[in-house]
Every structure is written in structure tokens, then in C-alpha cells.
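Asker: Structure below; questions to follow.
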Amino acid sequence: MKLRLLVTLAIVSIGGSLLGCGKSSQNPSSETATSGTFQLVADEALKPVVDSLADGFIKENPNAKVIVKYVSAAEAVRELLNRDARAVIIDRTLTPEERAVIQKDSVQLPDFMIAEDGIGCIVSNKNPAAALALSDLRTIVTNETKTWTGLAHSIPDPGKTFSNTDISLVFPAYPSSMESIIDSMFLGPGKVTQGHIRRFSTTDSVIAYVRQDPNAIGFIGSAWNHLLESTGDSSIKVLPIIPADSSSRGITQPIILNMVYVYQGLYPLTATVTGYSFESPNTLPRGFLAYAMTAHGQIVFKNFEVLPKTQIIRIVPPK
């Protein structure tokens, strides 16, 4: 049985200025936290929600202009560390290796924890899978399981069986936040996902490929899943995840990708949406990150089914 609940958000206003110190760069003297122009470098995995976030910020601050450039999470961090980006928003936190680079420079870089994202495992509607076990995903990522018939704890649709065909994993451009999180969950330091892997430059392309390949498993964030649901796209299924198999302690029934279950800690594939900037608080990049954490910014994430990080959540049981 798939769990379903309703969620409402009690929006709490947050002050517009955030504390933190860092090295200011490139900002003109006339710039403020709500006026000027800057380029935000953002994780492509977050494109639907960041597009809406930028639109909302500009509407509330007509003297501000935010140009968004979408790249992989690793490329966004590289540009930040090279001071080519004044602010970035990525669908993960910094890796230990990235933090080590910052420590060598003896500078401070605050983490702006904005939201909690869910990672959806998508398959073609032609695929017989009804739910994917986390333990099976682990063996796919480590290349211990290569075919669909090798899945030990996943569930096919009623009356259907898995075929003896190779499994393909489909990610956004390497190294994407999606792939980095999967690697960190299932593999040791310095190791990467094995097996039959395809990578595309955009999530749109990931979805398009999975749609036509019944043997592929793609990875998308909650905002992209929301777009699929809102358009009524029945060619793609987002598989519920079984957190634990019958031999383990834990939840053994499928959990759907839903903001409520991310909040409750039941959905096991999650990512932290995080902003970074070396700029001082009175600059436009920091003003934008502050907006993302206020009530107005957080409601944008909620509208895309990405769990707000700075709001009070109240669970409402179904009637």
C-alpha cells in the first residue's frame, strides 16, 4: 500500500538580512540587496523552481535583474571557487573535497540551507516495475545486478514480470547532484556509479530518453516530478521506493515521492537545496539568497513540491 497524506505550510516570515561574512567581488558600488544586476549559477536539476524563484524576486524588486545560468552542480561550485560566479544554488551540500579547497583559502562560506528535495526514480510506463527497493538500487549502482530479473526485492505491476534485459541508469550531465548523492549513499569515497550509464546535459533529455527506453531508470528532482504530474504525462512513472527489504529492520512497504514523506524522513532519496556566496550581506547575490529563505521564497519551493527548510510544517491526516 502506498502512503498518502496532505500537507499544509504555516508560513513564518524571516528577516531579509542573513548573517555571514565572505569576500565581496565584482559588485558595483551602487548595488544593494534589492537592486542591481547579477548572474546566478544554478543546478540544472532545480531549473523549474529556480526559474519561478527568480521571477518572484524580480517582481518584488523591480530594480533588480537576475540572470540564471544552468549547469551541473560540480560546474556551479567550480565557478564559485574560481570567483566566476557570485552566487550558486545547487541540489546538494559541498563535498569534503570542495570544503577543503575553501579551507586552504582561509575564507568563510556560509551554507544557506533553503529546501529539502526528493530524488525520483523514473521509468517508462512500458516498464513493468511498480516499486523499486533501495537494496536493489544499491546493487544496480555497484553493478552487482545488471538485469531486471536480478532485482530481489522490487515489485512489478500485478500480472506482470520483469524481463531479462540490461538496466540502464540515466543521469543529468556528469557530475550532477543526482549522481553525486547516489554515489555518496551507496559507494565508498572516490568511487563512481558502475554499470550501463547514460548522461544527458538536461533533465528534459533524461525524461525524453527514459520515455522511449523501457529498460532505463532515470533520476530527477521533485520540481521536475511536479511538472510531469501537472501536465498529466502518463508516459513516465515515478517509482515508489521500498526503504528496507524483508530481511532488514525498517519500512518494507513502498513510499511515494511526496513532500510529506520527505519531511517525515520516510522517503529515503533526498538532497539539500543549498545556496553559497562569498559576497557581503548588502549585495544583490546575498539579497537573492535571503529572499529564497523568506516566506515568499519558500512558498515557491512548496508550490513545486520541494520541502521548505525554514517553515513550520503541519501534517493534516486525510479525511
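Asker: Mind sorting Met178, Met293, Met185 by how few other Cβ atoms lie within 10 Å of their own Cβ, fewest first? Mind showing how you got there, number by number?
Answerer: Details: Met178 29, Met293 22, Met185 15.
Final ranking by Cβ density, sparse to dense: Met185, Met293, Met178.
Asker: Now a separate question. Where the convex hull is taken over the Cα atoms of region 118-263, what is its projected area averaged over directions, in nm²?
Answerer: Averaging across all directions leaves 8.7 nm² for the Cα convex hull.
Asker: Let me ask something else. List the residues whose amide H sits under 5 Å from the amide H of His196, counting only those 5 or more places along or on another chain, with H placed 1.01 Å from N in the peptide plane.
Answerer: Leu169
Asker: Could you give the length gained on full extension between Asn82 and Asp233, defined as 0.36 nm per residue of separation minus the Cα-Cα distance, in nm?
Answerer: Values: separation 151, 0.36 × 151 = 54.36 nm, distance 4.02 nm.
Working it through step by step, the gained length comes to 50.3 nm.
Asker: Amide H to amide H, which residues 5 or more places from Thr37 or on other chains are under 5 Å from it, using H placed in the peptide plane?
Answerer: Lys65
Asker: Taking the Cα centre as origin and putting +1 on Lys and Arg beta-carbons and -1 on Asp and Glu beta-carbons, what dipole magnitude results for the chain, to the nearest 20 debye? Present the calculation step by step, with values, prior to reporting the outcome.
Answerer: On the way: 28 positive and 29 negative charges, 88 e Å.
Here the chain has a charge dipole of around 420 debye.
Asker: What value, in deg cm²/dmol to 500, does the helix sum -39500 (n - 2.57) over DSSP H runs of n ≥ 4 give at 222 nm once divided by the residues of the chain?
Answerer: Numbers: 10 runs with 92 residues, N = 319.
For the chain, the value works out to -8000 deg cm²/dmol.
Asker: To continue, here is another question. Charges only on Cβ, +1 for Lys and Arg, -1 for Asp and Glu: so what's the dipole of region 118-263 about the Cα centre, in debye to the nearest 20?
Answerer: I would put it at about 120 debye.
Asker: A further question on this structure: Students often get this wrong: which residues of region 160-189 have the backbone nitrogen under 14 Å from the point 7 angstrom along Cα-to-C-beta of Thr142?
Answerer: Only 183-189 fall inside the zone, counting backbone N under 14 Å.
Asker: First obtain the Kirkwood hydrodynamic radius of region 90-184 from its Cα pairs, then insert it into the Stokes-Einstein equation at 37 °C and 0.692 mPa s, and state the resulting D in µm² per second as a whole number.
Answerer: The Stokes-Einstein estimate is 204 µm²/s.
Asker: Next question. In the chain, which whole DSSP H runs stretch at least 18 Å along their own axis (Cα) and average -0.5 or higher on the Kyte-Doolittle scale?
Answerer: 47-60
Asker: Below 8 Å, C-alpha to C-alpha, sequence gap of six or more: please give me the relative contact order for the chain in percent.
Answerer: Contact order relative to length: 33 percent.
Asker: So if we plug the beta-carbon distance of Gln264 and Ser52 into 1/(1 + (r/R0)^6) with R0 = 25 Å, what FRET efficiency do we get, rounded to 0.05?
Answerer: Once rounded, the FRET efficiency stands at 0.50.
Asker: Give me the orientation-averaged projected area of the Cα convex hull of the chain, in nm², one decimal. Don't skip to the end; give the middle numbers.
Answerer: Details: hull surface 67.9 nm².
Seen from a random direction, the Cα hull of the chain projects 17.0 nm² on average.
Asker: May I ask for the net charge around Asn215, where only other residues with Cβ less than 15 Å from the Cβ of Asn215 are counted and Lys, Arg are +1 while Asp, Glu are -1?
Answerer: On the way: positive: Lys126, Lys146, Lys160, Arg198, Arg211, Lys237; negative: Asp136, Asp166, Asp213.
Around Asn215, the charge tally is +3.
Asker: Over all Cα pairs of region 34-154, how is the pair count split among 10 Å bins, expressed in % and running from 0 up to the last occupied bin?
Answerer: Spelled out per bin, shortest first, that is 11, 30, 26, 21, 11, 2.
Asker: Using 21 Å as the Cα-Cα cut-off, could you pick out the over-long pairs in Lys59/Lys302; Lys126/Lys237; Lys126/Lys191; Lys47/Lys69?
Answerer: Check vs 21 Å cut-off fails for Lys126/Lys191.
Asker: Subtracting the Cα-Cα distance from 0.36 nm times the residue separation, let me have the gained length for His296 to Ala152 in nm, one decimal.
Answerer: That works out to 47.4 nm of additional length.
Asker: Report the full-extension gain for the segment Arg199 to Asn303: residue separation times 0.36 nm, less the Cα-Cα distance, to one decimal in nm. Intermediate results must be reported in sequence, preceding the final value.
Answerer: Values: separation 104, 0.36 × 104 = 37.44 nm, distance 2.81 nm.
Computed gain between Arg199 and Asn303 is 34.6 nm.
Asker: Can you give me the C-alpha center-to-center distance between region 108-123 and region 221-269, rounded to a whole angstrom?
Answerer: That distance is 15 Å.
Asker: List every residue whose amide H lies under 5 Å from the amide H of Ile255, counting only residues 5 or more places away in sequence or on a different chain, with H placed 1.01 Å from N in the peptide plane.
Answerer: Hits under the 5 Å cutoff: Ile241, Ile242.
Asker: Next question. Which aspartates and glutamates, on any chain, are close to Lys309 with Cα under 15 Å apart, when same-chain ones fewer than 8 places away are left out?
Answerer: Asp91, Asp111, Glu116, Asp117
Asker: Quick one: what are the phi-derived ³J(HN,Hα) couplings along region 33-46, Karplus 6.51/-1.76/1.60 with θ = phi - 60°, whole Hz, x for glycine and proline?
Answerer: With coefficients 6.51, -1.76 and 1.60, one gets 6, 10, 8, x, 9, 8, 9, 8, 9, 10, 5, 4, 5, 10 Hz.
None of the figures in this text is laboratory data; all of them are computed from the coordinates on show. Only a predicted model underlies this, so the values are computations on that prediction, with no experimental measurement involved. Reconstructed Cβ throughout: ideal geometry from the backbone, glycine too, with neighbour counts over all protein chains shown.
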